[in-house]
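Every read-out reported here was derived from the displayed coordinates using simple, explicitly stated rules and does not represent laboratory data. This one's a predicted model, so the numbers in the text were calculated from it and none came from an experiment. Every residue, glycine among them, receives a Cβ derived from its backbone with ideal geometry; neighbour counts consider all protein chains shown.
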Amino acid sequence: MKKEIEDFVQSKRIAVMGASRDPKKFGNAVVTELKQKGYEVFLVHPEAKEISGQTCYPSLASLKGQVDAVLICMAPAKTLLALQDVADAGLNKIWLQQGSHSPEVLSKAKELGLSPVYGKCVMMYAAPVESLHKWHRAFAKLFGQY
C-alpha cells in the first residue's frame, strides 16, 4: 500500500467535502461507512447547516485543528474550487474519491503543492474492509492495482 494511502486511512478525524442533502449520493454513503468504521467525520458544505442531523461547516478553515485529512466526493469542477480551501487549511492528507479528479484538478493540486490520492475508492482501504469493497480489494491486489 502506498504511503499516502496508509497515512490517509490512519487519520481518524476526516473532513468530507461532498456530502449532499440527497441521501442517495455517494458522499453520504461514505460518511456513514467511515463513521461505522470508527472515524470521526466532519461535513464541509458551503450552504447547508446540517445534513442528516450532522452539523456542516462552511469551510475547512472553520475546522482548523479538528481534522487530519480531507476526502473530496464532488464533481471535478467543484473539486477544482475546493482545492484552494484545502491548501488554505494546510491539510496534506487528501483523497479525491473516484469521479472527483480530472487532469485540470490534478494540475491545480500540483500548483498548490498538494499530493492527493486519486483514482481509488477510499472504502477499499479504510479498515475494516467489508462486503463489496473486500471483493474489489481482492481483485485490485490480484491485478496489481492495490
**Message:** I'd like to know how region 89-129 sits against the 2.2 N^0.38 Å rule of thumb: what's its Cα Rg over that expected value?
**Reply:** 1.24
**Message:** Taking 37 °C and 0.692 mPa s as the conditions, I'd like the Stokes-Einstein D for region 29-82 in µm²/s, using the Kirkwood hydrodynamic radius from alpha carbon pairs.
**Reply:** 272 µm²/s
**Message:** Just to be sure I understand: with springs between alpha-carbon atoms less than 10 Å apart, which residue in GLU111, GLU40, GLU50 has the highest mean-square fluctuation in the Gaussian network model of the chain?
**Reply:** GLU111
**Request:** Enter the per residue convex hull volume of the chain, computed from alpha-carbon coordinates, in Å³ rounded to the nearest integer.
**Result:** 106 Å³
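Could you work out [θ]222 nm for the chain from helices alone, using -39500 (n - 2.57) per DSSP H run of at least four and dividing by all its residues? Round to the nearest 500 deg cm²/dmol. Could you put the intermediate results ahead of the total?
Details: 5 runs with 54 residues, N = 146.
One gets -11000 deg cm²/dmol as the mean residue ellipticity at 222 nm.
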**Prompt:** By the scheme Lys and Arg +1, Asp and Glu -1, what is the net charge of all other residues having a beta-carbon under 12 Å from that of LEU80?
**Reply:** -1
